[in-house]
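**Student:** Here it is: the structure, laid out below.
The values are calculated or read from the model by the stated rules, or taken from the named source; none is laboratory data. Everything numeric in this text was worked out from a predicted model, so none of it was measured. Virtual Cβ from ideal backbone geometry, glycine too; neighbours counted across all protein chains shown. These area figures cover heavy atoms from the full protein model, side chains too; ligands, DNA and RNA do not enter into them. Shrake-Rupley method; radii C 1.70, N 1.55, O 1.52, S 1.80 Å.
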There are 2 protein chains.
Amino acid sequence: MKLGFIGLGVMGRPMALNLMKHGHEMGVYARRPESIAPLVSAGARGYRTPAELASDAEVIFTMVTTSNDVEQVVLGKDGLIHGAARGSVLVDMETISPTVARGVAQALAAKGIDMLDAPVSGGPMGAEQASLSIMVGGKQEVFERVKPLFECMGKTIVRMGDHGAGQITKACNQLALLVTAQGTAEALALAKSCGVDPARVREVLLGGIAASRVLELFGKRMVEHNFENGIDTRLYHKDLYIALDLAHESGLAAPAAALTMQHINALIGRGEGRSDLSALIKVVEEMSKAPITNHQSRVTEFP
Amino acid sequence: MKLGFIGLGVMGRPMALNLMKHGHEMGVYARRPESIAPLVSAGARGYRTPAELASDAEVIFTMVTTSNDVEQVVLGKDGLIHGAARGSVLVDMETISPTVARGVAQALAAKGIDMLDAPVSGGPMGAEQASLSIMVGGKQEVFERVKPLFECMGKTIVRMGDHGAGQITKACNQLALLVTAQGTAEALALAKSCGVDPARVREVLLGGIAASRVLELFGKRMVEHNFENGIDTRLYHKDLYIALDLAHESGLAAPAAALTMQHINALIGRGEGRSDLSALIKVVEEMSKAPITNHQSRVTEFP
């Protein structure tokens, strides 16, 4: 099938390569031209604008960053809406506002172009191993048509409902993930503050009901204070903002999510928006930097 | 080996039975005499007091409820300290304060009796399937001696350090578990409030980085609003109190744990201390009971 891929970062690049491995023809576009090089050397054709790419593709994938990026690359000057044929499909895969996803779907529908919102969970490793979870919103019939392509990139592939339902599901995913990360940071910091080795605590917790993928992946980096490699915390900030916005719009109280957002704000406020999310443990630890006497109330230090 | 088991509830009963399956002689005591019946019919011998039981056993397990229960059953009138021989071992397995665990270990040591604190994670299912995580504090040499017995009950068996270190680890476990449960409740409630099926959200989330045992076990009950079978929330309240107390004593800020505690308080305050922890989702949902218009700010309803 003739495909197009826009947005070739840490997620998009391996996803596009996995599609190519299954024999699909691939056109690529990236705002930073150097991003297309690895794809072009793997046999993809580079395009100068999203519109040009779209005019040559039956299904176009976007994996950019923000709601604004999607609006620009789809509806903006040289946006793919100006090149895509009737009956072609846009599959939009980064995490954005469900409201924006619905708006873009509506604009495309007016030109006879279909859309699926299809955000993913699984991180760069899931992208490389083609084991992503893909949460899809849009028409059933379009979903069926695109499903074989999703299967080149992911394992758990579920249509959640109409336009926006994929993004709502992803917002729930990020809320659960981020609150769990905050709890994991507090639990591992507690071990350390009580003089028990957090690395061993993590290991034994992974055998019980407190086990989570967050403890496995981010917990390891928390224990090692290794905050360099991973997904920028500022991207999780964007995602949790979307979740809190949805909670606000739908009248839901989400206090643990709101508290976690403040810790992410604190981390970004320290200038660490590009650190891995596991740096949340630094916020907890540094909030607690006053002299600590293990197992003895600090109140006793003040006569 | 001649063993004793005190506390034969939903956890203790299957644990004692698993020890008996490996051919150990078992003495049992329970404050409610009817609790010993299933063990006696499986071949255990019933005792009238902890002291009598202890006088016949090389290793005595306790799986009662609170710190007070442990103090009473070990140090109180007819407590096992009055019957246990020098060189025998108390293995204390429910979740209590590490400070109390250390105090009891000290009192026993004065009489030549060894102690391990060995709380578990894995719930009734883990107890039945002998797949518990067991977090042990105490002397290495005593741990080595008891380890084959732990292997009759659990899979992940780790010595975390000296007396109290097992209980500290369990407190970290409960903190991580309970904050994750709060986040899971908010995430599934968000799905519902936005009109997406929480059951399908749970399924797709289990395939990604937000996956956790909490989402798997408690998430299922949250989705089904099935709050009947499980461990009483009031027991988690006890455990989180211990974790927050440790945080306080060691000077650690644990804001998500404190927030989760308030939600557990709210649940118990509604008279639901015996509901399953998954009932946390009711607190979130009922906090948000005002009329909800999906995807539309409620502010717009007030001209």
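**Student:** Roughly speaking, what is the stretch gain from A:ASN229 to A:GLN106, that is 0.36 nm per residue apart minus the C-alpha to C-alpha distance, in nm to one decimal?
**Tutor:** My answer for the length gained is 40.5 nm.
**Student:** Taking Rh as the Kirkwood radius computed over C-alpha pairs, what is the Stokes-Einstein D of chain A at 37 °C in a medium of viscosity 0.692 mPa s, expressed in µm² per second?
**Tutor:** The Stokes-Einstein estimate is 159 µm²/s.
**Student:** Express the relative contact order of chain A as a whole percentage, based on alpha carbon pairs under 8 Å and six or more residues apart in sequence.
**Tutor:** Once divided by the residue count of chain A, the mean separation gives 13 percent.
**Student:** Which residues of the stretch B:169-185 end up with at least 20 Å² less accessible area in the presence of all protein chains than when their chain stands alone, using a 1.4 Å probe?
**Tutor:** When all protein chains are present, B:THR169, B:CYS172, B:ASN173, B:LEU175, B:ALA176, B:LEU177, B:VAL179, B:THR180, B:GLY183 each give up 20 Å² or more of accessible surface.
**Student:** How big is the B/A interface in buried accessible area, both sides summed, 1.4 Å probe, to the nearest 100 Å²?
**Tutor:** So the total buried area for this chain pair works out to about 5800 Å².
**Student:** Let me ask something additional. Just to be sure I understand the model, the point goes 7 Å from the Cα along the line to the Cβ. What's the resulting A:GLN72 to B:ARG48 distance in nm?
**Tutor:** Rounded to a tenth, the inter-label distance reads 8.5 nm.
**Student:** Excluding residues fewer than 8 places away in the same chain, name every one of the lysines whose C-alpha is closer than 16 Å to that of B:LYS282.
**Tutor:** Answer for B:LYS282, where 16 Å is the Cα cut-off: B:LYS192, B:LYS220, listed by chain and number.
**Student:** Also: Run through the other copies and list how far each one's label point is from that of A:GLY46, in nm with one decimal, shortest first; the point sits 7 Å from Cα along Cα-Cβ.
**Tutor:** For A:GLY46, the other copies' label points sit at 8.4 nm, shortest first.
**Student:** Determine how large the accessible area of A:LYS2 is when every protein chain is in place; take a 1.4 Å probe and give Å² rounded to the nearest 10.
**Tutor:** Ignoring ligands and nucleic acids, A:LYS2 comes out at about 80 Å².
**Student:** Taking every DSSP beta bridge that has both residues in chain B, what percent is antiparallel when rounded to the nearest 5?
**Tutor:** 15 percent
**Student:** Report the antiparallel proportion of the DSSP beta bridges in the protein assembly as shown as a percent, rounded to a multiple of 5.
**Tutor:** Of those bridges, close to 15 percent are antiparallel.
**Student:** Label-to-label distances across copies for B:ARG234, with labels 7 Å out along Cα→Cβ, in nm, shortest first?
**Tutor:** Spelled out, the distances from B:ARG234's label point are 5.1 nm.
**Student:** Give me the orientation-averaged projected area of the Cα convex hull of the stretch A:1-102, in nm², one decimal.
**Tutor:** 5.8 nm²
**Student:** Protein chains only, probe 1.4 Å: how do A:ASP162, B:ASP69, A:ASP276 rank by accessible area, largest first?
**Tutor:** A:ASP162, B:ASP69, A:ASP276
**Student:** Enter the accessible area per residue of chain B (Å², integer; probe 1.4 Å; all protein chains in place).
**Tutor:** That works out to 38 Å² for each residue.
**Student:** Between A:ALA85 and A:SER35, what is the FRET efficiency for a Förster distance of 25 Å, r being their Cβ-Cβ separation, to the nearest 0.05?
**Tutor:** With R0 = 25 Å, the Cβ-Cβ based efficiency is 0.50.
**Student:** Tell me the label-point distance for the pair B:VAL10, A:HIS22, using the 7 Å Cα-to-Cβ offset, in nm and rounded to one decimal.
**Tutor:** Spacing of the two 7 Å Cα→Cβ label points: 4.4 nm.
**Student:** Go through B:GLU186, B:GLU58 and list them by solvent-accessible area, largest first, probe radius 1.4 Å.
**Tutor:** In descending accessible area the options line up as B:GLU58, B:GLU186.
**Student:** While we're looking at this one, here's another question. Which percent of the accessible heavy-atom area of the stretch A:2-162 goes to carbon and sulfur, probe 1.4 angstrom?
**Tutor:** 50 percent
**Student:** Sticking with this structure for a sec: Provide, as a two-decimal number, the C-alpha radius of gyration of the protein assembly as shown over 2.2 N^0.38 Å, N being how many residues it has.
**Tutor:** Relative to the 2.2 N^0.38 Å estimate, the protein assembly as shown comes out at 1.09.
**Student:** Cross-link partners among lysines for B:LYS21, C-alpha distance below 18 Å, same-chain residues fewer than 8 apart left out?
**Tutor:** B:LYS2, B:LYS147, B:LYS155
**Student:** For A:LYS192, A:LYS170, give me the order by solvent-accessible area with a 1.4 Å probe, most accessible first, ignoring ligands, DNA and RNA.
**Tutor:** Result of the area sort, largest leading: A:LYS192, A:LYS170.
**Student:** If you wrap a convex hull around the C-alpha atoms of the stretch A:168-289 and split its volume per residue, what is the figure in Å³?
**Tutor:** That works out to 104 Å³ per residue.
**Student:** Give the chain A residue with the shortest beta-carbon distance to the rotation axis relating chain A to chain B, plus that distance as a whole number of Å.
**Tutor:** Nearest-to-axis residue on chain A, with distance in whole Å, is A:SER212, 2.
**Student:** Taking the full set of protein chains and a 1.4 angstrom probe, give the accessible area of B:SER97 in square angstrom, rounded to the nearest 10.
**Tutor:** B:SER97 has an accessible surface of roughly 30 Å² with all protein chains in place.
**Student:** Let me ask something additional. Please check the stretch A:259-291 for residues whose accessible area, probe 1.4 Å, is lower by 20 Å² or more when all protein chains are in place than in their chain alone.
**Tutor:** By number: A:LEU259, A:MET287, A:SER288.
**Student:** Any chance you could run the full-extension gain for A:ARG270 through A:LYS220? It's 0.36 nm times the residue separation minus the Cα-Cα distance, nm to one decimal.
**Tutor:** 15.8 nm
**Student:** Going by average Cβ neighbours within 10 Å, how do the peptides B:83-91, A:243-251 rank, with the highest at the top?
**Tutor:** Per-residue mean Cβ counts within 10 Å order the peptides as A:243-251, B:83-91.
**Student:** Can I ask one more? Once the whole set of protein chains is in place, how much accessible area is left on A:LEU206, using a 1.4 Å probe, in Å² to the nearest 10?
**Tutor:** 60 Å²
**Student:** Between the alpha-carbon centers of the stretch A:140-184 and the stretch B:100-123, tell me the distance in whole angstrom.
**Tutor:** 47 Å
**Student:** Please check the stretch B:190-233 for residues whose accessible area, probe 1.4 Å, is lower by 50 Å² or more when all protein chains are in place than in their chain alone.
**Tutor:** Buried by 50 Å² or more upon assembly, which counts only protein chains, are B:LEU190, B:VAL196, B:ARG200, B:VAL204, B:LEU205, B:ILE209, B:ALA210, B:ARG213.
**Student:** Still on this structure, please answer the following. Could you name the lysines whose alpha carbon sits less than 20 Å from that of A:LYS77, not counting residues in the same chain fewer than 8 places away?
**Tutor:** Excluding near neighbours in sequence, the set is A:LYS111.
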